[in-house]
Amino acid sequence: MNILVINAGSSSVKYQLIEMTQTKVIAKGGIERIGIEGSNLEHKPNGKDKIVIETPIADHTQAIAMVLDALTDKDHGVIKSMDEIGAVGHRVVHGSEFFSSGVIVDDKVLGQIQECAELAPLHNPASLMGIKACQKIMPGTPMVTVFDTAFHQTMPKNAYLYGLSYEAYEKFRVRKYGFHGTSHKFVAERYAEITGKKIEDLKLITCHLGNGSSVCAVDGGKSVDTSMGFTPLEGLVMGTRSGDIDPAIVPFLMNKMHMNLDETITYLNKQCGVWGLSGESSDFRDLWKASGKGIERATVALQVFCYRLKKFIGSYAAAMGGVDAIIFTAGIGENDYLVREWSVEGLQFLGAIIDKPLNEEFEHVRGNDVKLSTEDSTVDIWCIPTNEELAIAKETYALCK
Ligand code: ADP
């Protein structure tokens with residue numbers, strides 16, 4: 001069966017068509033600038049050249065129609081007709097407390113995703129547009145939604161409640177939800193698979209480090225704590241997001257920097273993190289270059305990032321009463337050997353010792369799963385590339401085969 005995976009943003013749609021018997025990507029691509037001047041589709045069929053079509057694309061329905069045209073085109077297509085798509089798996093950011101796993105879409109599910117839009121105003125409405133566009137164009141094809149929050153629904157109350165009034169949780173659903181769940185689950189299960197260990201017996205700390213970054217404590221295959229919270233702003237210092245701060249800083253800076261609420265939210269999401277600290281870039285490649293040139297603020301930004309990450313690793317080992325493996329993934333986790341080295345430096349007391357020359361040799365793991373700890377390290381340190389699209393396709397396939 002072929003599964004079409006759709007990740008719809010407010011002005012973009014990314015897609016992959018995955019053949020599930022061999023779990024092979026047969027085409028992938030994306031549409032950008034929907035409803036904005038300069039919209040285009042980029043389509044890459046497996047084994048053929050990439051094509052780019054630049055044309056006005058008014059809305060998500062037109063975007064999905066273009067994706068299907070590209071997939072079935074007689075020259076650069078990979079299937080003969082839409083009937084060869086068995087199901088569509090949609091990434092949805094927020095499932096609140098409604099969803100603890102992927103589900104087949106019906107009217108009730110659509111209503112619940114809409115209800116969660118208050119908690120993810122930038123993301124959930126875009127996902128709904130993507131789902132509705134697919135339903136319109138492919139009315140007979142089952143749709144599945146896979147939520148970034150779902151994996152973390154197993155967190156116990158002591159981990160997901162904030163020290164706010166209980167009313168904030170009961171009336172307004174203010175609690176820790178966590179994000180990147182599809183990725184944390186994928187690399188945790190992949191570690192168990194590669195090492196031949198039973199996931200039920202494992203205490204894992206998974207570090208998803210990309211533009212947005214989060215850490216997750218996975219005990220027995222279940223998320224028991226994670227660093228992102230009510231929104232993806234909490235936790236680690238990120239590319240441009242602040243991560244954890246004292247909430248009293250918010251009114252203080254609003255006053256000092258003459259910002260209103262919207263400006264403050266934008267500031268915390270877009271102008272902070274390693275970008276704000278370094279004044280250079282949110283991209284770690286640029287930060288290392290700047291640091292190499294002696295720009296101290298770039299070095300400090302990298303140190304702050306790694307120090308915060310190390311503290312989360314230590315606290316999750318404490319929360320689980322031990323750790324069997326620390327797993328790095330996503331853009332930074334898979335490519336930045338110095339971040340991996342600095343963030344486990346000094347964790348020998350936990351039994352975690354990174355093999356520095358090996359870690360450096362595998363600077364970029366290039367799609368491979370690599371063990372990076374020394375022989376005498378009692379805690380495994382691994383780099384396992386994430387694959388959220390494949391994880392969505394697998395969950396969709398399991399519900400629809
Ligand atoms: P997203 O959260 O957008 O999915 P990714 O997981 O693709 O992001 O990670 C993107 C980030 O990964 C970049 O901003 C950059 O900081 C980092 N990155 C990518 N390649 C490298 C590299 N070779 N060395 C260091 N960092 C890298």
Phi-based couplings in Hz for segment 110-117 (Karplus 6.51, -1.76, 1.60; Gly and Pro marked x): 4, x, 5, 5, 4, 4, 6, 4
Two-site FRET efficiency, residue 53 against residue 256, from Cβ-Cβ distance with R₀ of 60 Å, rounded to 0.05: 0.80
Gain in span if fully extended, residue 283 to residue 244, counting 0.36 nm per residue against the direct Cα distance: 12.0 nm
Whole-number percent relative contact order across the chain, with pairs defined as alpha carbons under 8 Å at least 6 apart: 14
Unit charges on C-beta of K, R, D, E only; dipole of the chain, Debye: 220
Ranked list, fewest to most other Cβ atoms within 10 Å of each Cβ, for 288, 275: 288, 275
Per-residue HN-Hα couplings for segment 140-145 [Karplus 6.51, -1.76, 1.60; θ = phi - 60°; Hz; x = Gly/Pro]: x, 9, x, 10, 10, 10
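Among 264, 329, which comes first, second and so on when ranked by fewest other beta-carbon atoms within 10 Å?
Final ranking by Cβ density, sparse to dense: 264, 329.
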Folded to 0 to 90 degrees: helix 296-320 orientation relative to the chain principal axis, Cα: 90
Euclidean distance between Cα centres, segment 285-363 to segment 375-400, Å: 20
Degrees, to the nearest 10: 261-270 long Cα axis against longest axis of the chain: 80
Over 27 Å [Cα-Cα, segment 2-147], rounded percent: 19
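Going by how many other Cβ atoms sit within 10 Å of their own, how do 199, 194 line up, fewest first?
The most exposed by this proxy come first: 194, 199.
Tell me the Kirkwood hydrodynamic radius of segment 117-276 in angstroms, computed as one over the mean inverse distance between distinct C-alpha pairs.
When all Cα pairs of segment 117-276 are included, the Kirkwood radius is 17.7 Å.
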Cα-based convex hull, segment 197-388, per residue volume (Å³, whole number): 128
Tail fraction, Cα-Cα pairs, the chain, threshold 35 Å, whole percent: 29
Ordering of 33-43, 89-99 by burial proxy (mean other Cβ atoms within 10 Å per residue, highest first): 89-99, 33-43
Degrees separating the helix 388-400 axis from the principal Cα axis of the chain, which is the longest one: 50
Inter-centroid distance (Cα atoms) of segment 186-209 relative to segment 35-83, Å: 36
Local net charge near residue 148, Cβ-Cβ under 12 Å (Lys/Arg +1, Asp/Glu -1): +1
Residues with amide H under 5 Å from that of residue 223, placed H, sequence gap 5 or more: 154
For residue 377, net neighbour charge (Lys/Arg +1, Asp/Glu -1) across residues whose Cβ lies under 14 Å away: -4
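Read the figures in this text as sums done on the coordinates, not as results from a lab. Given the structure is predicted, the values throughout are model-derived calculations rather than measurements. Cβ coordinates were reconstructed from backbone atoms using ideal geometry, including for glycine residues, and neighbour counts include every protein chain displayed.
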